[in-house]
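K.L.:
First, the structure itself, so that you have it in front of you.
The values are calculated or read from the model by the stated rules, or taken from the named source; none is laboratory data. All values derive from a computational prediction rather than experimental measurement. Methodologically, a virtual Cβ is constructed for each residue, glycine included, from the backbone with ideal geometry; neighbour enumeration extends over all protein chains shown. Side chains included, ligands, DNA and RNA excluded: accessible areas come from the protein's heavy atoms. Shrake-Rupley method; radii C 1.70, N 1.55, O 1.52, S 1.80 Å.
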Amino acid sequence: MKTLLEGHARFKIGYYAQHKNIFEDLSRNGQSPPAMVIACSDSRVSPEVIFDTAPGEIFVVRNVSNLVPPYAPDTGNHGTSAALEFAVTALNVRTIVILGHSQCGGIRALVNGPEGDHGDFIESWMHIALKARQRVCDSPDAPTDFNARCSLCERESIRVSLANLLTFPWIKSRVDANTLTLAGWHFNVQTGELEAI
Ligand SMILES: [Zn+2]
């Protein structure tokens, strides 16, 4: 807690003071970020840091393993889907990026499978990416090394989320009309490199 409050004190006299006009403008006129980023909650993968963006530039959702569930308009608590709806239909973002990363803990749980202890929520959440696990681990070319499997699964789950994005009718129609672009990128925590998926 102390670290956070000390950080905020530095922010007020540093970043905020230097960018006061941006905050005031955003407060007065609202936000119109051109891009949405779906990233992992992992503390090493902060989209604002990786893309060097200012406040108001990217609309961010972070969840375990940067997953997009398929379109399912029911009474479930669809946090990611609600954020997608707001970003696409209200803010009219022109790009959606799925930002995966190396050494992802959620993907390690997924590759471990039901043998691991995944608590109350992680296992069922990671079911969204089950197809990625199957494509990697059930393949005759599947590497025997656990880390290599995870690394392939990180990339494959980005493809699953990109496909799931297209199950949302208001995303599909905009992609078909070329007013919305989807992209998948994998961030290497050690090297800082981005790889297009
Ligand atoms: Zn992760």
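K.L.:
Hey, got the Cα dimensions of the range 124-172 along the principal axes, in Å, largest first?
P.N.:
Cα spread of the range 124-172 along its principal axes, largest to smallest: 40, 21, 15 Å.
K.L.:
May I ask you to give the average projected area over all directions of the convex hull of the Cα atoms of the range 149-197, in nm² rounded to one decimal?
P.N.:
Over every viewing direction, the Cα hull of the range 149-197 projects on average to 3.9 nm².
K.L.:
May I pose another question? Work out, in µm²/s and without decimals, the Stokes-Einstein translational diffusion coefficient of the range 89-197 at 10 °C, 1.306 mPa s, Rh from Kirkwood over C-alpha pairs.
P.N.:
105 µm²/s
K.L.:
Under 18 Å from a point placed 7 Å out from the Cα of Lys20 along the Cα-to-Cβ direction: which residues of the range 37-69 have their backbone N that close?
P.N.:
55, by backbone N distance to the label point.
K.L.:
Report the one residue of Pro143, Ser65, Ala83 whose Cα lies farthest in the direction of the positive end of the charge dipole of the chain (charges on C-beta: Lys and Arg +1, Asp and Glu -1; origin at the Cα centre).
P.N.:
The listed residue farthest towards the positive side: Ala83.
K.L.:
For the chain, take the alpha-carbon Rg, divide it by the Kirkwood Rh, and send me Rg/Rh.
P.N.:
The Rg/Rh ratio comes out at 1.00.
K.L.:
Same structure again: Pull out a ≥ b ≥ c, the square roots of the eigenvalues of the alpha-carbon gyration tensor of the range 44-111, then state rounded if a/c is under 1.5, prolate if not and a/b is larger than b/c, and oblate in the remaining case.
P.N.:
Since a/c reaches 1.5 but b/c is at least a/b, the shape of the range 44-111 is classed as oblate.
K.L.:
Of Asn92, Leu26, Val45, which is farthest along the charge dipole of the range 1-147 in the positive direction, counting Lys and Arg as +1 and Asp and Glu as -1 at C-beta?
P.N.:
Of Asn92, Leu26, Val45, it is Leu26.
K.L.:
To the nearest Å, what is the center-to-center distance of the range 73-134 and the range 152-197, using C-alpha atoms only?
P.N.:
The range 73-134 and the range 152-197 have Cα centres spaced 12 Å from each other.
K.L.:
Follow-up. What does the accessible area of Ile38 come to, in Å² to the nearest 10, when a probe of 1.4 Å is used?
P.N.:
Ile38 has an accessible surface of roughly 0 Å² with all protein chains in place.
K.L.:
What is the dipole size for the chain, taken about its Cα centre, with +1 at each Lys and Arg Cβ and -1 at each Asp and Glu Cβ, in debye to the nearest 20?
P.N.:
Rounded to the nearest 20 debye, it is 400 debye.
K.L.:
What number comes out for accessible area per residue over the range 16-164 if the probe is 1.4 Å? Units Å², please.
P.N.:
Result: 52 Å² per residue.
K.L.:
So how many Lys-Lys pairs in the chain land under 27 Å Cα to Cα, not counting same-chain pairs under 8 apart?
P.N.:
Going through the chain pair by pair, I get 4.
K.L.:
Now for a separate question. Please calculate the 1.4 Å probe accessible area of Thr167, with all protein chains present, and give it to the nearest 10 Å².
P.N.:
60 Å²
K.L.:
Dipole of the range 61-139, Cα-centred, from +1 at each Lys and Arg C-beta and -1 at each Asp and Glu C-beta, to the nearest 20 debye?
P.N.:
400 debye
K.L.:
Could you list which residues have their amide H under 5 Å from that of Val60, counting only those 5 or more apart in sequence or on another chain, with H placed in the peptide plane?
P.N.:
Long-range HN contacts for Val60: Val37.
K.L.:
To continue, here is another question. Report the charge-dipole magnitude of the range 1-104 in Debye, nearest 20, computed about the Cα centre from +1 at each Lys and Arg Cβ and -1 at each Asp and Glu Cβ.
P.N.:
Computed about the Cα centre, the dipole is about 280 debye.
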